[in-house]
Amino acid sequence: MSNHVTVTEQEALQETTELYQRLHDLENRVLELEQRQKNLERDMPEPRISIVVMSGDYDRVLAAFVIATGAAAMGLQVSMFFTFWGLGVLRQNRRLRGKGLLEKAFTLLTPAGAEELSLSRLNFAGLGLRLLKRQMRQRNISSLSELIAFARDLGVRMVACQMSMDVMGIKPEELQPGLETGGVATFLADATKSKATLFI
Amino acid sequence: MSNHVTVTEQEALQETTELYQRLHDLENRVLELEQRQKNLERDMPEPRISIVVMSGDYDRVLAAFVIATGAAAMGLQVSMFFTFWGLGVLRQNRRLRGKGLLEKAFTLLTPAGAEELSLSRLNFAGLGLRLLKRQMRQRNISSLSELIAFARDLGVRMVACQMSMDVMGIKPEELQPGLETGGVATFLADATKSKATLFI
Amino acid sequence: MSNHVTVTEQEALQETTELYQRLHDLENRVLELEQRQKNLERDMPEPRISIVVMSGDYDRVLAAFVIATGAAAMGLQVSMFFTFWGLGVLRQNRRLRGKGLLEKAFTLLTPAGAEELSLSRLNFAGLGLRLLKRQMRQRNISSLSELIAFARDLGVRMVACQMSMDVMGIKPEELQPGLETGGVATFLADATKSKATLFI
């Protein structure tokens, strides 16, 4: 009997030790799961889309803003990066003072504002675009200028590419007020967190 | 001795209480892990790619369908959204009846079907494209029309942009049968679940 | 009293059984969490971006390489796929020997190397581009050729599209040495693992 009791005590001790070991192992595994889950959550795409607007064509820029405002209205964060010809969309005037000859030429030859863009096709010296705009009005579709204002109201982040501004000699005062300027790092920081990125 | 026993019992009680506490804590942490993992799984990109086809250039549309059919053949879900000039690819005929003057003009000036598209470069009034097509035949590369049929066979989702159809005055009967129509929300629903999104 | 003891033993046994059951359940749930977490980690986008370079326009290709080198400098993996007109960027010479008439024509009519590309707008028979390049030099911005060399130094993966090479009759010896060739599967393998994919 005393023998039996001893065995039981040993068994009980062993069982308890095993139990604590299993519990301890589980706690470690759960801790690792939690840390790796935090990493996954940090690296997951955010509810955000990013759009590079390089084109200066009315139709392509229109598509960019239809998507941007649609996404913002659905509750997505939206980042737009305007580079090269896309900068023309954000211009509100032309400044020639203090620019070199080349910069003056660029200034005069590139559009200042959304309504000066032209169609990528069937533009016919502006006739195609005028017809398109009339058709849009008749169908109660917002114009490009309205969509840009709408995008700003919806909190769409709009960044003008600093390098393009330098190359094309565009001064900050020529652009709509309150825009950010930034570089490729600004774009990539948002794009790598986005669910979708478009180059337009 | 009775004192010693009492301590042991207290200790045992305390140990048991701590054990249950640790078990209970673990269960709560595992439950939270499971819930957050379900969220992660829900938010992960699906094995899907989305393509906006805005271009009406034969070469760019060809690239879109090479990627779309390649992806579908690899087992990916594929969604294609046709907008503006891209709608020409899906047209199978031209209707003029019941259209206004402007819509008639758009109808006549935009391509009706894949084989009426032209190259973005070196088109030379169609000569460049004819040479490209001959070269593709000689290399046993599928033509654009074949790739479109192939994409439909593979279950590629093809959505025609309703707003573009309205603006350009394109009637559903002018498009290939069995296509969906949709808007920016349709596109974004698929794009935000995709592993890659292209704007072509 | 003996009755009381019996109840306690039964309770103790039941408690122990429940305890082991809870522990066993937890171990199973943690095992499942670990397996599903491994799947999530495997399917997460990598710190990588993918770029299709279909355009042969100096400005668009410049944008592609500004983004590619910027991303590589930030520590992202970068994959670039050159197709159609984009192949001109990677050419270092023209070979006519052993080509058919059509392939000879393509060879002569498409640019051989970055500095032979032209602007998508305001090219003015090369004048616009010359002015742009001068402006870039004045601002100490790397030229396209420099950016391409920089991208290769930074380990950017550059793949020439085999099908486009076949169609356009471009021989591997005409391209920069040490480039990979590949198809749509090569592109999709990288794109579906990328945080952002651009079609330029």
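The values are calculated or read from the model by the stated rules, or taken from the named source; none is laboratory data. A quick note: this is a predicted structure, and the numbers were derived from the prediction, not measured. Every residue, glycine among them, receives a Cβ derived from its backbone with ideal geometry; neighbour counts consider all protein chains shown. Surface accessibility is based on the protein's heavy atoms, side chains included, excluding ligands, DNA and RNA. Shrake-Rupley method; radii C 1.70, N 1.55, O 1.52, S 1.80 Å.
In the elastic network of chain A, a GNM with C-alpha springs shorter than 10 Å, the most mobile of A:ALA105, A:ALA73, A:ALA12 is A:ALA12.
Per Stokes-Einstein, at 10 °C and 1.306 mPa s, what whole-number D in µm² s⁻¹ belongs to segment B:43-200, with the Kirkwood radius over Cα pairs as the hydrodynamic radius? Using the Kirkwood radius from Cα pairs, D works out to 99 µm²/s.
Here r is the Cβ-Cβ distance between A:ARG139 and A:TYR20 and R0 is 41 Å; the resulting FRET efficiency, rounded to 0.05, is 0.05. In this calculation the C-beta distance from C:LYS104 to C:ALA73 is compared with R0 = 30 Å, giving a FRET efficiency of 0.15.
Quick check on the protein assembly as shown: what are the equivalent-ellipsoid semi-axes from the Cα gyration tensor, as sqrt(5λ), descending, whole Å? Don't jump to the answer; show the numbers that get you there.
Numbers: eigenvalues 705, 140, 140 Å².
Gyration-tensor ellipsoid for the protein assembly as shown: 59, 26, 26 Å.
Please state the equivalent ellipsoid semi-axes for segment A:1-76: what are the square roots of 5 times the Cα gyration tensor eigenvalues, largest first, in whole Å? List each step's numbers first, then the result.
Working: eigenvalues 892, 20, 6 Å².
The three semi-axes for segment A:1-76 are 67, 10, 6 Å.
Local charge for A:GLU27 was computed over the other residues whose Cβ lies under 11 Å away, with Lys and Arg +1 and Asp and Glu -1, and equals 0. Shape call for segment B:136-200 from the C-alpha gyration tensor, a ≥ b ≥ c root eigenvalues: rounded (a/c under 1.5), prolate (a/b greater than b/c) or oblate? It comes out oblate by the Cα gyration axes.
Take C:SER79, B:SER145 and sort them by solvent-accessible surface of the protein heavy atoms, 1.4 Å probe, largest at the top. Please list the in-between numbers first.
Details: C:SER79 0, B:SER145 50 Å².
Highest to lowest solvent-accessible surface, that is B:SER145, C:SER79.
Any idea of the total accessible area buried by the C-B contact, 1.4 Å probe, rounded to 100 Å²?
Numbers: alone 13120 and 13120 Å², together 22260 Å².
Buried area (both sides, nearest 100 Å²): 4000 Å².
Could you look at chain C and say what percent of its accessible area is carbon and sulfur, using a 1.4 Å probe and all protein chains?
Answer for chain C: carbon and sulfur cover 53 percent of the accessible area.
Bridges between two residues of chain A, per DSSP, are antiparallel at a rate of about 5%.
Taking B:LYS104 as the anchor, which aspartates and glutamates have their alpha carbon closer than 16 Å to its alpha carbon, excluding any fewer than eight residues away along the same chain? Cross-link targets: B:ASP166, B:GLU173, B:GLU174.
Within the set of other residues whose C-beta is less than 10 Å from the C-beta of A:GLN77, count the net charge using Lys and Arg as +1 and Asp and Glu as -1. Walk me through the numbers on the way to the answer.
Values: positive: A:ARG48, A:ARG157, A:LYS193, A:LYS195; negative: A:GLU46, A:ASP190.
In short, +2.
For B:GLN138, the shell of other residues with beta-carbons less than 12 Å away shows a net charge of +2, using +1 for Lys and Arg and -1 for Asp and Glu. Our summary gives chain A a relative contact order of 31 percent, counting only alpha carbon pairs under 8 angstrom and 6 or more residues apart. Extension gain for the segment B:ASP153 to B:LEU96, taken as residue separation times 0.36 nm less the Cα-Cα distance, is 17.5 nm to one decimal. When C:PHE199, C:PHE150 are compared by accessible surface with a 1.4 Å probe, the order from highest to lowest is C:PHE150, C:PHE199.
Computed on protein heavy atoms with a 1.4 Å probe, the accessible areas place A:ASP59, C:ASP153, A:ASP43 in the order C:ASP153, A:ASP43, A:ASP59, largest first.
Does segment A:102-183 classify as rounded, prolate or oblate by the C-alpha gyration tensor (a ≥ b ≥ c root eigenvalues; a/c under 1.5 gives rounded; else a/b over b/c gives prolate, otherwise oblate)?
Numbers: a/c = 3.00, a/b = 1.33, b/c = 2.26.
Note, shape of segment A:102-183 comes out oblate.
For chain C, the per residue solvent-accessible surface stands at 46 Å², with DNA, RNA and ligands left out and a 1.4 Å probe. With the whole protein complex present, C:ARG152 retains an accessible surface near 80 Å², based on a 1.4 Å probe.
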